[in-house]
1. Using a simple charge model, +1 on the beta-carbon of Lys and Arg, -1 on the beta-carbon of Asp and Glu, nothing else, what dipole does the chain show about its Cα centre, in debye to the nearest 20?
2. Report the FRET efficiency, 1/(1 + (r/R0)^6), for Ala99 and Met1, where r is their Cβ-Cβ distance and R0 is 35 Å, rounded to 0.05.
3. Quick one: dipole size for segment 1-115, taken about the Cα centre, charges +1 on Lys/Arg Cβ and -1 on Asp/Glu Cβ, in debye to the nearest 20.
4. Per residue, how much accessible area does segment 35-136 have with a 1.4 Å probe, in Å²?
5. Remind me, relative contact order of the chain in percent, using alpha carbon pairs under 8 angstrom and six or more residues apart?
6. Once fully extended, how much extra length lies between Ile157 and Ile180, figured as 0.36 nm per residue of separation less the alpha-carbon to alpha-carbon distance?
7. How much accessible surface does Arg147 have with a 1.4 Å probe, in Å² rounded to 10?
8. Within the chain, which whole H helices from DSSP have a Cα span along their axis of at least 20 Å and a mean Kyte-Doolittle hydropathy of -0.5 or more, if any?
Amino acid sequence: MLRRLLQLYVGLSLYGLSTAMFVRADLGADPWNVFHLGVAKLLAMDIGTVMILTGALVLLVWIPLRQRPGLGTISNVIVIGLAADAALAVIPAIDSLMARSLLLASAVIVNALATGMYIGAGFGAGPRDGLMTGINARTGWSVRSVRTAIEITVLLIGCVLGGTFGVGTILYALSIGPLIQICLPWFRQKPRIVAPEPGRVV
């Protein structure tokens, strides 16, 4: 349990770090962070605060979908936003295109590792992933269709609000699935099998 908790919170913290890396690279972010950046720009708020508020609002949508949050769900809402703001306070703005490009590539890799860690810990889906699975369960629409519709919707809204769309957005869309598929088995926690005591009938 301790190992799973450690993996969960390290993974969520790294996810927040990857968000800050996308912001400082300024070459485009994943669809949800394009949305977060757009809302942050509109309301003149920190992106971490916007992420926390967005996650809380998405959780409200879980109610009619009859989804049940877990520890990982609640932690996802709070920790990622706090970690993103903390990382942004440490990572300076970068002018060099080469450095920004390297930061972007690193952000995608860190994001995949972070996703594998917090999902593999097994404490429940994040609010956005739960929205996807909830709509799938209630409507019968395929997960692929639901996920694509959600991602396109938040991306378009984010772009209209002034979020950063760019090569990073395309890179993320093309690479994050295969990278998570590679990373998730590394961190998926397996139940420990306890051998029966000698002479005990099981």
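1. Values: 15 positive and 8 negative charges, 160 e Å.
That gives the chain a dipole magnitude of about 780 debye.
2. Numbers: r = 40 Å, r/R0 = 1.15.
For R0 = 35 Å, the calculated efficiency reads 0.30.
3. Details: 7 positive and 5 negative charges, 90 e Å.
Dipole about the Cα centre, nearest 20: 440 debye.
4. Values: 4720 Å² over 102 residues.
Accessible area per residue, segment 35-136: 46 Å².
5. Values: 304 pairs, mean separation 77.9, N = 202.
Once normalised by length, the contact order is 39 percent.
6. Details: separation 23, 0.36 × 23 = 8.28 nm, distance 2.56 nm.
Going from the current span to full extension adds 5.7 nm.
7. 90 Å²
8. Numbers: long enough: 2-25 (34 Å, 0.86); 47-65 (27 Å, 2.32); 71-90 (28 Å, 1.86); 97-120 (34 Å, 1.53); 143-160 (26 Å, 1.51); 167-187 (29 Å, 1.59).
Those that clear 20 Å and a mean of -0.5 are 2-25, 47-65, 71-90, 97-120, 143-160, 167-187.
The values are calculated or read from the model by the stated rules, or taken from the named source; none is laboratory data. Just so you know, these numbers come straight off a predicted model, no measurement behind them. Glycine also receives a Cβ, built like all others from the backbone with ideal geometry; neighbour counts cover every protein chain displayed. Quick note on the areas: whole protein, heavy atoms, side chains included, nothing else; ligands and nucleic acids left out. Shrake-Rupley method; radii C 1.70, N 1.55, O 1.52, S 1.80 Å.
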